[in-house]
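K.L.:
Take a look at the following structure, please.
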Amino acid sequence: MSLEPSENDVDRTLKRLQRSRRIRWGIGFVGLVVLAIVFYRSTAVVGFSIAEVLAHREQFADAARDFFPITTYFGAIPFLDVAQYWAFIQSEGLFGHAITTLSMGIAGTIIGLPLALLFSVLGNERVLPFPFNFIFRGLMSMIRSIPALVWALIYVPLGGISPFTGTLAIATDTIGNLGRLFTEELEEIDDGPMEAIDSTGAGHAQTIVFGMLGQVVTPFIAWTLYVLEINVRIAVTLGLIGAGGLGYVLITQQGMFNYTEMMATLVVVFILIISVEMISTRTRAYIRGSDADQQSFFGLIVGFPRRMAESVFK
């Protein structure tokens, strides 16, 4: 009895492969058509057009020249006039505004940390049975669904738009974001230490503290530092709506079309954010005993615009 496939079997296999390939190509083509239609409708809704860009290219070029003023060094070498940046940084006291922005991020993180920890523990099924644990999971999801900018507007009756309400907005945002990260970390813990502590006659609270939280101290610290990075970037964006700090200086100079001063402010924003991220990533890598969290300085610079944009509406 021959075990070799017959010619008919080979033909059927080839036809099946060809049909599968045609189906994939068809699905891919339909997907591209749908994507093109969605893209076209999206640009129509927002009024985006190349003609609009070209119509204002001269205005943008003038602004770009103000963003990057040029002077001559040694009477002959053209280069960026950093003296104009430095003069504004000193006169406006931008490093003091940077401290305000940093303080909002730090204070908001510390204020939100206890509730993030509490909600993550109570959201764990080992602590509270279903469906009670989902009450706290739902609260964290609800908080995460509202951006920090909106929370700042919600807190306006407490004291207007100020560093105080900005800090409250960051703290609220921290509860949702950090709580979710804590919850995911608690899902991965081993039940063994909890069972061992429980078998000694320890109370429920002791089992949670020593058996559950004792396993996640290091990752909890690492996640807190990561959220601190995000919160400092959020503090900058909150300043754009009047919450103080560097963001407030930035939006003020933009309103007066002082593009050189805007660029000087952005330089200080860049220095602040990159410094916080470098310290945070190195610290996380150290406490975890690995290089997994470390990013190169070049990588931090390249990813800076994307991370700032993500901080506005996560």
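K.L.:
Return one whole number: the accessible area per residue of the chain in Å², for a 1.4 Å probe.
P.N.:
59 Å²
K.L.:
About the Cα centre of the chain, what is the dipole size in debye to 20, counting +1 per Lys and Arg Cβ and -1 per Asp and Glu Cβ, all else neutral?
P.N.:
The calculated dipole for the chain is roughly 840 debye.
K.L.:
Multiplying the sequence separation of Phe60 and Ala76 by 0.36 nm and subtracting their Cα-Cα distance, what value in nm do you get? The partial results should precede the final answer.
P.N.:
Numbers: separation 16, 0.36 × 16 = 5.76 nm, distance 2.71 nm.
My answer for the length gained is 3.0 nm.
K.L.:
Calculated FRET efficiency, Ile111 and Ser199, Cβ-Cβ r, R0 25 Å, to nearest 0.05?
P.N.:
Here the calculated transfer efficiency is 0.10.
K.L.:
Considering only Ile106, Val217, Gly75, whose Cα is most displaced toward the positive end of the charge dipole of the chain, charges sitting on Cβ of Lys, Arg (+1) and Asp, Glu (-1)?
P.N.:
Positive-end residue among those listed: Gly75.
K.L.:
Sticking with this structure for a sec: Give the residue from Pro193, His204, Ala148 lying farthest towards the positive end of the charge dipole for the range 93-292; charges sit on Cβ (+1 for Lys and Arg, -1 for Asp and Glu) and the dipole is referred to the Cα centre.
P.N.:
It is Ala148.
K.L.:
Net charge near Ile89, counting Lys/Arg +1 and Asp/Glu -1 over other residues with Cβ under 14 Å of its Cβ?
P.N.:
Neighbourhood net charge equals -3.
K.L.:
Pop out the carbon and sulfur fraction of the accessible area of the chain as a percent, whole number, probe 1.4 Å.
P.N.:
Ligands and nucleic acids excluded, carbon and sulfur reach 68 percent.
K.L.:
Another one. How long is the gain from Ile135 to Leu17 if the chain were fully straight, where each residue apart is worth 0.36 nm and the alpha carbon distance is subtracted?
P.N.:
Here the answer is 37.5 nm.
K.L.:
How fast does the chain diffuse by Stokes-Einstein, in µm²/s, taking the Kirkwood radius from C-alpha pairs at 20 °C and 1.002 mPa s?
P.N.:
Once the numbers are plugged in, D ends up at 89 µm²/s.
The values are calculated or read from the model by the stated rules, or taken from the named source; none is laboratory data. Fair warning: this is a prediction, and the values are worked out from it, not measured in the lab. In this analysis, Cβ positions are derived from the backbone assuming ideal geometry, glycine residues included, and neighbour counts consider all displayed protein chains. Surface areas here come from the heavy atoms of the whole protein model, side chains and all, with no ligands, DNA or RNA. Shrake-Rupley method; radii C 1.70, N 1.55, O 1.52, S 1.80 Å.
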